[in-house]
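Visitor: One structure, pasted below without further comment.
The values are calculated or read from the model by the stated rules, or taken from the named source; none is laboratory data. All values reported here derive from a predicted model rather than from experimental measurement. Positions of Cβ are backbone-derived with ideal geometry, glycine not excepted, and every protein chain shown enters the neighbour counts. In case anyone asks, the SASA skips ligands and DNA or RNA and just uses the protein heavy atoms, side chains included. Shrake-Rupley method; radii C 1.70, N 1.55, O 1.52, S 1.80 Å.
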Amino acid sequence: GQANNSFSVAVQQETLASLERRRFPEKTVCEADEWNWVHCEVQARNRRSKHPFDLVAPDLAGEAVTMELDHPDSVPIVKTCVANAFAVILLIDALKARDHSTDEDLLATKIATYIYSNSRRNGLVRKGAGIPMAVVFTKTDLCREAALDPEKFARHNLPVLFSYAERNLPRRKFFGASVVGSVTRVSDENGDYRLPLHVQPTGIIEPLAWSM
C-alpha cells in the first residue's frame, strides 16, 4: 500500500512510536474531528486490473459507535460511514469474547444488525449479497484459540453473532490478529495495565486483503 497524504503516514508513525516505547496507542477520542483517517492506494495481488484500490478508512471511536447504537442519529458520521462503506472490518477483543462472552456477543450482534440495516440503503451493496464484513479478533497473542481457528472460536464464544451472520451476512469471514508478540502485566499507583514487549504484527493484512 502507498499512503496518499502525510496524515496517513503520521497515523502509522504515532502507532509504531508508541509500541517502540512499550506503550499501546491511546484510544480514539469521541470527537470526530480528532479521528484518524487513512487514505492510501492498495494493489491486490490477485486482481487482474493494474490499477490499485483507492482505500479510505476511518478509525471510529468505540464510544461514539456505542452512543450511536443506543441513540440512533446522535452521531450521524457513524451512520454516514456505514452507509457509504464497500466493506466493514469489525474488531472484537478476543479476551472479552472468551472471558465475557455473553456481553461481547450481544454487543457485537448489535453492531452487526446496525451495519446490516444501514448498509442496505446505500445502493453500493449488491442485492441479496450483503456487505462484506471481516470479523477480526484482536489480541490473539493472549488468546491462541482465536488465532488458530477464528471461525470455531466465534461459533463457540459468540453464538448469537455467528448465527446472525450466517443468516444475514453471507459475505463474512473471521480472522485473528495481533500487533505484538508478547506482553507483560504491570501494577503501580496508576492501576493495572499491560505493556507490549516487542512489535510482531500477525494477521493484519489478511482481513484487509479479503475485504478488497
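Visitor: Assuming 0.36 nm per residue, please report the length gained on full extension of the stretch T102 to R21 beyond their Cα-Cα distance.
Guide: Using 0.36 nm per residue and subtracting the Cα-Cα distance, I get 25.7 nm.
Visitor: With both bridge residues required to lie in the chain, what share of the DSSP beta bridges run antiparallel, to the nearest 5%?
Guide: 60 percent
Visitor: When the chain is modelled as a GNM with alpha-carbon springs shorter than 10 Å, which of P52, P196, P159 fluctuates the most?
Guide: Sorting by GNM fluctuation, first place goes to P52.
Visitor: Separate question: With the other protein chains left in place, how much accessible area per residue, in square angstrom, belongs to the chain at a 1.4 angstrom probe?
Guide: Result: 61 Å² of accessible area for each residue.
Visitor: How do the peptides 22-35, 75-88, 132-145 rank, highest first, by the average count of neighbouring beta carbon atoms within 10 Å per residue?
Guide: Highest mean packing first, the order is 132-145, 75-88, 22-35.
Visitor: Using a ≥ b ≥ c from the Cα gyration tensor of the chain (square roots of the eigenvalues), is it rounded, prolate or oblate, where a/c under 1.5 gives rounded and otherwise the larger of a/b and b/c decides, a/b for prolate?
Guide: Since a/c stays below 1.5, the shape of the chain is classed as rounded.
Visitor: If contacts are Cα pairs under 8 angstrom and at least 6 residues apart, what is the relative contact order of the chain in percent?
Guide: After rounding, I find 18 percent.
Visitor: Could I ask something else about it? Roughly speaking, to the nearest percent, how much of the chain's 1.4 Å accessible area is carbon and sulfur?
Guide: 52 percent
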